Amino acid sequence: MRLPPARQRMAQAARGYLLDLVFGELPETFHPLVAFGHAMQWIEGRLYADSRLSGLGYMVLGVGPAAALGHLFSAAPAACYLSCGGRALAAAALDVSAALDGGDLDLARSRLKALVGRDTSTLDEGEISRAAVESVAENSVDAVVAPLFFTAALGGAGSLGHRAANTLDAMVGYRNERYCRFGWASARLDDALAYLPARLTAVLIAAVRPGKAGGIWQTVRRDAPSHPSPNAGVAEAAFAAALGVTLGGTNSYGGRLEHRTPLGRGRPVEPGDIAAAVRLLEEVGLLAAVLLAAASLTGGRGEGGRR
């Protein structure tokens, strides 16, 4: 029995997530996204100008070919696998947690750099823990829910197209002097693509923590709009409520301070909350994959019988 295309994509998304869960990311030497990043750095060096128009061209040159390649890439589970990063995200966060458990703050600060763009050199135990939990929360959208969503909706084109947009945002989507205009198109596209997945992430968090669903909903509605990101704030607020902690505070980026209003009304983050955030991340991913796999089979017999 051959599934209809929409149900095929759902099943392919679930398989792609399971591949990431079992095998993790490819080594950097062989990872196509690393090659993509190098190519986009080369293009930036030749195309850069302090203008939104140049940045728009840069974004199109990155996302367009990636989406086209995904459309031609018949193995959508592989495309989803390349786009997912849940296992690597969990491992990086747990590495920080292990360093804190061993009392080595310098090692924890060093490992934290793999997760965040903020300055880490002066962070204490609590701030390191908060940064790690916030990174797990924010990246639960980009590394897990969004790849599943776009693979299920659009197949390989959606999966690789989203991943390319997210990568470009990480490269040039900064509010600094160099990228404020050039990175504008990449940042706005990433915001637009993550809008629905971020809110689906909050729904999934409430589903795996049903006893806290009301508090999660209230926290997201009350606190998420104050976050500078329209999507990261939703995920972080949902994580904060689910874990019973308060996220947000003052972060330093290259000496520039950002003061973020609190997300949640719980206690300060502790080192043990990093592992709790990773468990929540994994439960969200597994639930999303199970729901997609189940949806891919619903009604399959009836549709398969029509000719």
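Values quoted throughout were computed directly from the atomic coordinates according to the rules given, and no laboratory measurement underlies them. Model, not experiment: these values are computed from the prediction. Here Cβ is always computed from backbone atoms with ideal geometry, including for glycine, and neighbour counts include all displayed protein chains.
So here's what we get for this one:
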| item | result |
| --- | --- |
| Subset of region 151-180 that is within 14 Å of the chain's Cα centre (by Cα) and free of Cβ contacts under 8 Å to residues at least 40 places away in the same chain - its residue that is surrounded by the most Cβ atoms within 10 Å (Cβ to Cβ) | N166 |
| Close pairs (6 angstrom Cβ cut-off, 6 or more residues apart or separate chains): in contact (Cβ under 8 Å) with a residue 60 or more places away in the chain and more than 19 Å from G214 (Cβ to Cβ) in region 262-287, basic (K, R) and assigned to a helix (DSSP H, G or I) anywhere | V269/R130 |
| Scope region 105-143; condition in contact with a helix residue (DSSP H, G or I) (Cβ under 6 Å, 6 or more places away or on another chain) and basic (K, R); matching residues | R111 |
| Listing of helices (runs of 4 or more DSSP H) fully contained in region 72-121 that carry 2 or more residues being free of Cβ contacts under 8 Å to residues at least 12 places away in the same chain and out of contact with any Cys (no Cβ under 8 Å at 6 or more places or on another chain) | 105-112 |
| Residue in region 181-195 that is surrounded by the fewest Cβ atoms within 10 Å (Cβ to Cβ), counting only those that are charged (D, E, K, R) and within 15 Å of V141 (Cα to Cα) | D191 |
| Meets criteria (within 19 Å of the chain's Cα centre (by Cα) and not in a helix (DSSP H, G or I)) for V136 | no |
| Test: residue in region 52-59 that is surrounded by fewer than 16 Cβ atoms within 10 Å (Cβ to Cβ) and outside any helix (DSSP H, G or I) | no |
| Residue match in region 247-259 (condition: surrounded by 23 or more Cβ atoms within 10 Å (Cβ to Cβ), under 21 Å from the mean Cα position of the chain (by Cα) and touching a residue at least 60 places away in the same chain (Cβ under 8 Å)) | yes |
| Selection from region 249-281 of residues that are over 19 Å from L94 (Cβ atoms), in contact with a Ser or Thr (Cβ under 6 Å, 6 or more places away or on another chain) and small (G, A, S) | G264, G266 |
| Yes/no for A35 being under 26 Å from E138 (Cβ atoms), among the small types (G, A, S) and free of Cβ contacts under 8 Å to residues at least 60 places away in the same chain | yes |
| Hits in region 181-216 - residues which are in contact (Cβ under 8 Å) with a residue 12 or more places away in the chain, of a type outside the set (A, V, I, L, M) and out of contact with any Lys or Arg (no Cβ under 8 Å at 6 or more places or on another chain) | G183, S186, D190, D191, Y195, P197, R199, T201, R209, K212, G215 |
